[in-house]
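As structure tokens, the structure follows; a few thoughts come after it.
The values are calculated or read from the model by the stated rules, or taken from the named source; none is laboratory data. This is a predicted model, so every value here is computed, not measured. All Cβ positions, even for glycine, are placed from backbone atoms using ideal geometry, and neighbour counts span all protein chains on display. The accessibility values were calculated without ligands, DNA or RNA, using every heavy atom of the protein model including side chains. Shrake-Rupley method; radii C 1.70, N 1.55, O 1.52, S 1.80 Å.
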Amino acid sequence: MLRNTRSGWGVISIAFHWLSALAIISLFILGWWMTGLGYYDPWYNQAPWIHRSIGILLLLATFTRLIWRLVQPTPNAEGNRLERVAAHAGHIGLYVLLLLVLTSGYLISTANGRGISVFDWFEIPALLHGLPNQASLAGDVHWYSAIALMVLAGGHALVALVHHFKYRHATLKRMVNPRHSHTSH
């Protein structure tokens with residue numbers, strides 16, 4: 001049950017999904033909150049440090065998740081052809097926006113040439129820095145792509161609930177319980 005099958009998601013894919021969802025929502029809330037902090041607020045330096053650390057961990061997890069996704073079978077999608085195409089496009093959109101948010105966050109944080117300390121466990125070096133208006137341009141991309149990601153993720157959750165409650169598909173059950181995934185079809 002660790003691995004995916006054509007009938008359902010394995011524990012590893014399910015864990016990636018829900019931990020990513022939790023991290024994305026937490027990062028958005030933390031990011032929004034910290035933009036309102038004043039210079040003398042005790043969280044002025046701590047909140048961005050936490051935000052960057054979780055962001056880098058999510059970036060590494062996302063790369064690992066994509067590799068895992070490439071080497072694992074994808075469960076058969078439910079719904080009609082249009083729904084399956086829309087689901088596939090939506091998932092690609094989620095990954096593209098997530099990578100855009102995370103990469104632009106990295107570019108903001110490394111614009112000054114310093115690496116990113118991840119909870120003081122290790123440091124990610126500044127591989128690309130010193131570009132004209134790097135922090136400002138990356139900041140705009142980061143903000144707008146984060147909003148787009150939240151909108152698309154909200155739509156993703158809403159559609160999953162519609163498929164679960166209205167159409168009685170096992171889509172949501174398969175993403176919650178690997179046993180259901182491997183025995184329901």
Exercise for review: Would you grab the residues whose amide H sits under 5 Å from the one on Gln72? Only those 5+ places off in sequence or on another chain, please, with H modelled 1.01 Å from N.
Suggested key: none
**Study point:** Difference of contour (0.36 nm per residue) and Cα-Cα distance, Trp143 to Arg69
**Key:** 23.9 nm
Revision key, fill the gap. Computed, not fitted: 222 nm per-residue ellipticity of the chain from DSSP H runs ≥ 4 (each -39500 (n - 2.57)), nearest 500, equal to -23000 deg cm²/dmol
Review point. Calculated FRET efficiency, Gln46 and Leu172, Cβ-Cβ r, R0 41 Å, to nearest 0.05?
Key: 0.70
Revision key, fill the gap. With all protein chains in place and a 1.4 Å probe, Leu30 shows an accessible area in Å² (nearest 10) of 30 Å²
Revision key, fill the gap. Taking Cα atoms, the helix 46-71 axis meets the longest principal axis of the chain at an angle in degrees (rounded to 10) of 40 degrees
Point to revise | Sulfur and carbon atoms: percent of accessible area, segment 62-165 [1.4 Å] | key: 71 percent
Check your understanding: Which translational diffusion coefficient, to the nearest whole µm²/s, is obtained for segment 39-145 from the Stokes-Einstein equation, given a Kirkwood hydrodynamic radius over C-alpha pairs, 37 °C and 0.692 mPa s?
Key -> 207 µm²/s
Point to revise | Per residue value of the accessible surface for segment 28-171 (all protein chains in place, 1.4 Å probe), Å² | key: 63 Å²
Revision key, fill the gap. In terms of the alpha carbon gyration tensor, root eigenvalues a ≥ b ≥ c, rounded if a/c is under 1.5 and otherwise prolate when a/b exceeds b/c or oblate, segment 1-85 is prolate
Check your understanding: What accessible surface, in Å², does a 1.4 Å probe find on Arg69, ignoring ligands, DNA and RNA and rounding to the nearest 10?
Key -> 70 Å²
Study note, to complete from the structure: For 98-108, 12-22, ranked highest to lowest by mean beta-carbon neighbours within 10 Å, the order is 98-108, 12-22
**Study point:** Largest-first principal axis extents, alpha carbons of segment 86-185, Å
**Key:** 53, 29, 18
Exercise for review: Just read off the accessible area of Lys173 with the full protein assembly in place, 1.4 Å probe, to the nearest 10 Å².
Suggested key: 100 Å²
